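Following: one structure in structure tokens, then a few remarks.
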Amino acid sequence: MTSEKLRLTVAEVIQETGDAHSLVFETPAGLSYKPGQFLTLRLPHDDGVVARCYSLSSAPGVDEQLKVTIKRVRDGRGSNWVCDTVLAGQEIEVLAPSGTFTPRSLDTDLLLLAGGSGVTPVMSIIKSCLASGTGKMLLVYANRDEQSVIFHAELRALVAAHPERLVVLHWLETVQGLPSLKPLQEIVRPWAHAEAFICGPAPFMDCAADALKELGVARDRIHVERFTSLAGDPWTEVESTGPIEGEATTGLVVELDGATHELAWPKSMKLLDFLLDQGLDAPYSCREGACSACGVHITEGEVAMDNNSVLEQEDLDEGWRLACQSRATTDAVRVTYDA
Ligand code: FES
């Protein structure tokens, strides 16, 4: 993960369905990312800059160019602007790929539950796993109707090429009604051993997560991708207050990219601001508690977060915190980005 700012040219706009577009970007050589990650786009909307996180549907090692897939949402300022405005040749500012919705291993079985445009990061994971891993996958893909199915032909081709490794089950509201707990549970029961990835509208994700929890799937094997719209502009310089003269500090130990740093962390400063001030390459995207790109695992001490729109109680119980929102509340804190 990195917070590098890039300016990318749109190489192609692909109309995937009536209300979903993909943007393919001319991609600099050597730009690395993981399957399931997202890009943050800076959109020069008429009403002012809008920053939005969109999942990558391209797969590292498979697709040469980055591709994000975006579906219109009612009153969605960012998504509708993209679908109405963006043309090939246009330059867009982005933050480099980020996010933690990515399998630890491509050699384990994966249970993928996607609703609507939630298939976007899942598509990236499927392509990577088929190309570079050995795991088997079940995708349960919910849509309003057949016309709404994004990547219909591509999925069919992948199943035909890898019938022993990929199964796709479509759930269409026009045929089966809205996804509900018990039927979903019966479908996924044989896959309760797999690492699960859930992405889609909130009611779908809640239903899918509940189905897995009732089957006894451990919380740390259920990965959920939630995006909320960003209120601010991550490109503007965030004013770091810096330490207040004479203020108390916390003894901080931070593990990042395989190195361990011991630092005196001023109590008034947020963890991310402090680490960036110290010249460390800590990951972030939105800096407002809405994307989890700055997620860090706390193993000693405690912090308090100003805002948290993404971590659930179970994440907090497991020790996850948002570095961009965290201030120390104990005299010693140990965190790791390498969990
Ligand atoms: S950078 Fe997005 S939640 Fe911290």
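Key figures for this structure:
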item	result
Cut-off under 5 Å, modelled amide H: who pairs with residue 135 long-range	107, 108
Hits among aspartates and glutamates - C-alpha to C-alpha of residue 127 under 17 Å, sequence gap 8 or more where chains match	63, 64, 107, 109, 154, 164, 195
Contact order normalised by residue count of the range 5-98, Cα under 8 Å, 6+ apart, percent	40
Antiparallel %, DSSP beta bridges [both residues in the chain], to 5	65
HN-Hα J in Hz across the range 211-219 - Karplus 6.51, -1.76, 1.60, θ = phi - 60°, x for Gly and Pro	4, 6, 4, 5, 7, x, 5, 4, 4
Gain on full stretching of the segment that runs from residue 47 to residue 170 - 0.36 nm per residue minus C-alpha separation	40.5 nm
Net length gained if the chain between residue 93 and residue 257 were fully extended (0.36 nm per residue, minus Cα distance)	56.4 nm
3J(HN,Hα) from dihedral phi, the range 274-289, Karplus parametrisation 6.51/-1.76/1.60, rounded to Hz, x for glycine, proline	5, 5, 5, 4, 7, x, 8, 8, 6, x, 6, 9, 7, 6, 9, x
Whether the range 272-339 is rounded, prolate or oblate, judged on the alpha carbon gyration tensor where a/c under 1.5 counts as rounded	rounded
5 angstrom amide H check on residue 66, placed H, neighbours 5+ away	25, 27
Residues 207, 83, 129, sorted so that the one with the fewest Cβ neighbours within 10 Å comes first	83, 207, 129
Potential extension, residue 29-residue 313 segment - 0.36 nm per residue separation minus Cα distance	98.3 nm
Pairwise label distance in nanometres, residue 189 with residue 153, each label 7 Å out on the Cα-Cβ vector	3.8
Violating pairs (Cα-Cα greater than 29 angstrom) within the set 5/213; 213/267; 34/270; 67/182; 5/34	5/213; 213/267; 67/182
Whole-Hz ³J(HN,Hα) from phi, Karplus 6.51 cos²θ - 1.76 cosθ + 1.60, for the range 105-119, glycine and proline x	9, 8, 9, 9, 6, 10, 10, 10, 10, 10, x, x, 6, x, 6
Cβ-derived FRET efficiency at R0 56 Å, residue 210 paired with residue 15, nearest 0.05	0.95
Ascending count of other beta-carbon atoms within 10 Å, so fewest first, for 75, 19, 273	75, 19, 273
Residue 268-residue 220 FRET efficiency (beta carbon distance; Förster radius 45 Å; 0.05 resolution)	0.85
Protection proxy ranking, peptides 190-197, 11-18, average beta carbon neighbours within 10 Å, highest first	190-197, 11-18
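Throughout, read-outs are computed from the coordinates displayed, never taken from laboratory work. What you see is a predicted model; the values in this text were computed from it and never measured. Note that each Cβ is placed from the backbone with ideal geometry, even for glycine, and that neighbours are counted across all protein chains shown.
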